[in-house]
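Here, each number is a calculation from the coordinates, and none is a lab measurement. For clarity, every value in this text was computed on a predicted model and none was experimentally measured. Virtual Cβ from ideal backbone geometry, glycine too; neighbours counted across all protein chains shown.
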Amino acid sequence: PPVILLLHEAIPQHFWCIPFSVDGNPVPSIRWLFNGTALAEGPYIHTRIVEYEHNSTILHGCLQLNRPTHVNNGNYTLLVRNPLGFAARSVQGRFMENPFSFSPEEPIPGRCWQTPRRAGTPTRAPCPCCHQVSVAVALAVFACLFLSVLLIVLNKCGRRSKFGINR
């Protein structure tokens, strides 16, 4: 069965790397879990086998994270499996502290929502800033229309110049 020989905490290199070494014959498949759910690998998070020896069953590699933030902090679990069995081991990944006083993954409460009066969905309360925005938009539209009409009137009704300069 496969064996996880080494799994260390993340170390900063060019990318952040969670180094691991696994041993198994046949070669085991490698998967990762992030906080208990399957980690979707892509261009910013992927597994890279660093060292592959030709006549060895040991694989050395790392889970590379490109510019991880506080959102990537959590529990990383390495799962290795081959037809003879499987093995799992976890490590805590801490990349940076949360720079906000709130959690960005949670919904941010707005000012315009009231609590529901009875069971159901929240209702939208009239917002004082919404009225100010609509007045500002109405004034801007009125100013554009007024200037357009003024331009047309001046263009159509303009007299000829007294100084002999014609257009």
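The figures follow:
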{"item": "Gained length - PHE142 relative to THR37, 0.36 nm times residue gap less alpha-carbon distance", "result": "32.3 nm"}
{"item": "Förster radius 41 Å - calculated FRET efficiency between MET96 and SER29, Cβ distance, rounded to 0.05", "result": "0.85"}
{"item": "Counted charge near PHE95, where neighbours are those whose Cβ lies closer than 12 Å (Asp, Glu -1; Lys, Arg +1)", "result": "0"}
{"item": "Protection proxy ranking, peptides 49-58, 83-92, average beta carbon neighbours within 10 Å, highest first", "result": "83-92, 49-58"}
{"item": "Potential lengthening between ASN66 and HIS8 on full extension [0.36 nm per residue; Cα-Cα distance subtracted]", "result": "19.1 nm"}
